[in-house]
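FYI, it's all coordinate maths here, none of it is from the lab. Computed from a prediction, not measured in an experiment: that's the story for all the values here. In this analysis, Cβ positions are derived from the backbone assuming ideal geometry, glycine residues included, and neighbour counts consider all displayed protein chains.
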Amino acid sequence: MTTITADRQAALADLVEAVSQVEALTDQVGPFALYPDACDRVPELVAAVCRALRVPLSFDARPTDRDFALVAMGAEIQRAQRSPALADLRPGAIPDAVAEAKRRYDDENAGSRVHAVRRPDDTVLTAVEVGPVGAPWVLISPPPSMSYRLSLPWLRALSPSHRCLIGQTRGTSERIDDPADFDRRGSEVSDQAGDLLALLDELTTGPVHLMGICGGATVALEVAARRPGRIVSLSLWHPALELGAEVPRTDHEANLRALVGLAGESRDTAAWLRDRLTSGPMTGVPDRVGPLVVRPYATTELFYRYARLTGATMRWDSRRTAAAVSRPALVVTSENDSTAHPAVARRLAEVMPGARLVVTGHGTHLDAFRATAEQLGRLTSFLA
Amino acid sequence: MSGDHEPLLDIARDVLARPGLTVDDDLLQCGGTSLSIVRIIAVASRELGADIDPRNVEGAVTVRHLARAARHSATSTQPLRPS
């Protein structure tokens, strides 16, 4: 095996991360085609890495009628494989590069345990666990439909000292055989809260700290209210939930609420809206995690499910639940969050009897997922 | 929608919360995002029966250009039309 330079190792790690961000999509929908320009510099390497990681991507989507969800899904792979450190990769060096990529992928996944929990309605929930057995539990409620990978920084930051569990929203991880099953099984907040309770009851023991991130705050509150004996504390990060008309919404919340309301009406309507949403560049797609954020738009069926699940949490009035949660709570937001209005966090802290509010003067909504040293210090102090 | 942009303009003003918006303002320069533009298109479909395909918008995304891209059909079965 030849020595791989540090620059090339970093570039390969970047490529592994980019491919991994699409993995959950192919796990659910099977082989998926991106545009050829997503692997325009080192196509042989990208194809070999995809094969090694068992992520069935192809790069032969027809460029006509360009679908900008597909563009965004391929953007990180495109960026990673354009690294100067990979530009002069000779064909003979590809096997070693792929082996290095596979080693990095295996190392990252070595510390995680994946669970499948079957619900009475036959929904199969996927949950990822990291951290030492015997450490205090942290259960994370992510935004509906969003991949657990978006919360990876929290898992990585907490796992040395905590045993963390994060679930995937119903209908967004298991293979889609009959789309109608999703409708029969339900997508309301009661269904989503029942799923989180099932993870709590079946996979954890003893006291648990619950984290709700963004739209996951709605479900976290429901679970905290229903299991006060198990949930010893609650932290809500940049919460996005419904607390009545007097609490202002951001433009983003107003637009998203209107669109998921329409898209959740039927698959035909979801297809109509998705077609128009993806007919041009999608604004606000962040760098580095774009494929994770755009995944709900990747297919009409996923967009419909996203609309049903997210629409349910956006409509759900959390006022009564929030007032009923008396456990210690930490509510964190940013003055500059233009996605989830900071007024929601402020109002939550007013109505929750045991809440402490932290409003930072800087940062964006994606800070909810970053697990910065400052955030980690704040959380661990709260948990101590 | 040719000749009369007012109903679509009202929708765009409402969605973008810009009462002073004109038919030639670039919506993306006036706080518009892909979500809000599609919301305008969806409301126009529901309330005006206008089927606007963003692919047919030529030039900047303005109310005038959206209106020009609109296709009306009394027999359309597109799903956002009022039943």
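For the reader, a short list of remarks on this structure follows.
- Count of region A:279-322 residues, restricted to those that are assigned to a loop (DSSP other than H, G, I, E, B), in contact (Cβ under 8 Å) with a residue 40 or more places away in the chain and within 14 Å of another protein chain (Cβ to nearest Cβ), is 6.
- Here A:Val325 clears all of (1) within 14 Å of another protein chain (Cβ to nearest Cβ); (2) more than 30 Å from A:Glu174 (Cβ to Cβ); (3) crowded, with 24+ Cβ neighbours inside 10 Å except the condition numbered (1).
- The criterion of being more than 24 Å from the chain's Cα centre (by Cα), surrounded by 15 or more Cβ atoms within 10 Å (Cβ to Cβ) and farther than 30 Å from A:Asp178 by Cβ holds for A:Ala48.
- Enumeration of residues in region A:233-273 that are of a type in the set (A, V, I, L, M), more than 12 Å from chain B (Cβ to nearest Cβ) and under 24 Å from the mean Cα position of the chain (by Cα): A:Leu234, A:Leu236, A:Ala240, A:Leu241, A:Leu243
- Within region A:236-257, at least one residue is farther than 17 Å from A:Val332 by Cβ, of a type in the set (Gly, Ala, Ser) and in a helix (DSSP H, G or I).
- Candidates A:Arg156, A:Arg175, filtered to the one that is more than 26 Å from A:Arg315 (Cβ to Cβ), in contact (Cβ under 8 Å) with a residue 40 or more places away in the chain and part of a loop (DSSP other than H, G, I, E, B): A:Arg175
- Test: residue in region A:200-212 that is in a strand (DSSP E or B), more than 10 Å from chain B (Cβ to nearest Cβ) and touching a Gly at 6+ places or on another chain (Cβ under 6 Å): no
- Being touching a residue at least 40 places away in the same chain (Cβ under 8 Å) and either buried (at least 20 other Cβ atoms within 10 Å of the Cβ) or over 21 Å from A:Pro153 (Cα atoms) (or both) is a description that does not apply to A:Val55.
- Residues (closer than 15 Å to B:Arg64 by Cα, of a type in the set (A, V, I, L, M, F, W, C) and either facing chain A (nearest Cβ under 7 Å) or not in a loop (DSSP other than H, G, I, E, B) (or both)) located in region B:12-41: B:Ala12, B:Leu27, B:Leu28, B:Ile37, B:Ile40, B:Ile41
- Inter-residue pairs, beta-carbon under 6 Å, first of a type outside the set (Gly, Ala, Ser) and in region A:196-208, second surrounded by 12 or more Cβ atoms within 10 Å (Cβ to Cβ) and assigned to a helix (DSSP H, G or I), 6+ apart: A:Leu196/A:Val219; A:Leu196/A:Val223; A:Leu197/A:Val223
- Selection from region A:38-62 of residues that are touching a Phe, Trp or Tyr at 6+ places or on another chain (Cβ under 8 Å) and either under 16 Å from A:Pro281 (Cβ atoms) or part of a loop (DSSP other than H, G, I, E, B) (or both): A:Ala38, A:Leu53, A:Pro56, A:Phe59, A:Ala61
- Within region A:285-313, the set of residues being touching a strand residue (DSSP E or B) at 6+ places or on another chain (Cβ under 9 Å) and crowded, with 23+ Cβ neighbours inside 10 Å comprises A:Ala298, A:Thr313.
- For region A:221-232, a residue qualifies if it is surrounded by fewer than 18 Cβ atoms within 10 Å (Cβ to Cβ) and either of a type in the set (Val, Ile, Thr) or within 14 Å of another protein chain (Cβ to nearest Cβ) (or both), and exactly one does: A:Val232.
- Scoring A:Arg276 on the criteria (1) crowded, with 20+ Cβ neighbours inside 10 Å; (2) within 21 Å of the chain's Cα centre (by Cα); (3) within 9 Å of another protein chain (Cβ to nearest Cβ) leaves a single failure, condition (2).
- When we screen A:Asp65, A:Asp122, A:Asp106 for residues that are over 30 Å from A:Pro281 (Cα atoms), assigned to a loop (DSSP other than H, G, I, E, B) and either more than 14 Å from chain B (Cβ to nearest Cβ) or not polar (S, T, N, Q) (or both), the only hit is A:Asp122.
- A:Gln78 being polar (S, T, N, Q) and within 25 Å of A:Thr126 (Cα to Cα): no
- Residues being surrounded by fewer than 19 Cβ atoms within 10 Å (Cβ to Cβ) and among the hydrophobic types (A, V, I, L, M, F, W, C) - total across region A:62-72: 1
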